[in-house]
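The block underneath contains the structure these notes are about, expressed in structure tokens.
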Amino acid sequence: MLISEMIGVEVEDLHDEYAAALEVFVGTLAAGGHALPPPELAPLEDLMAALEASVQRARQTQNAT
């Protein structure tokens with residue numbers, strides 16, 4: 001009641017998708033099933049290199065005017 005009054009959200013409308021997926025996963029393993037391997041992650045972007053490139057582009061744009 002306090003949550004719905006303070007933020008206008010009904011608790012019954014909230015869904016915990018992580019808990020539901022975890023429950024399915026544990027149930028699958030308990031029934032003798034196998035876990036799927038995690039999906040391959042995309043290679044990480046070098047944030048410092050991206051920042052440096054962005055600064056270079058901004059400087060070139062600024063120098064062109």
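The values are calculated or read from the model by the stated rules, or taken from the named source; none is laboratory data. Bear in mind the structure is a predicted one, so any value in this text is a computation, not a measurement. Reconstructed Cβ throughout: ideal geometry from the backbone, glycine too, with neighbour counts over all protein chains shown. For accessibility, only protein heavy atoms count, side chains too; no ligands or nucleic acids. Shrake-Rupley method; radii C 1.70, N 1.55, O 1.52, S 1.80 Å.
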- In the stretch 1-32, which residue that is part of a helix (DSSP H, G or I) and β-branched (Val, Ile, Thr) is least open to solvent (accessible area, probe 1.4 Å)? THR28
- Task: Test ALA42 against the stated conditions and say whether it is among the small types (Gly, Ala, Ser), outside any loop (DSSP other than H, G, I, E, B) and either surrounded by 10 or more Cβ atoms within 10 Å (Cβ to Cβ) or out of contact with any Lys or Arg (no Cβ under 7 Å at 6 or more places or on another chain) (or both).
- Result: no
- Please state which of the following conditions ALA35 fails to meet, knowing it meets all the rest: (1) loosely packed, with under 10 Cβ neighbours inside 10 Å; (2) assigned to a loop (DSSP other than H, G, I, E, B); (3) out of contact with any Leu (no Cβ under 7 Å at 6 or more places or on another chain); (4) not aromatic (Phe, Trp, Tyr). (3)
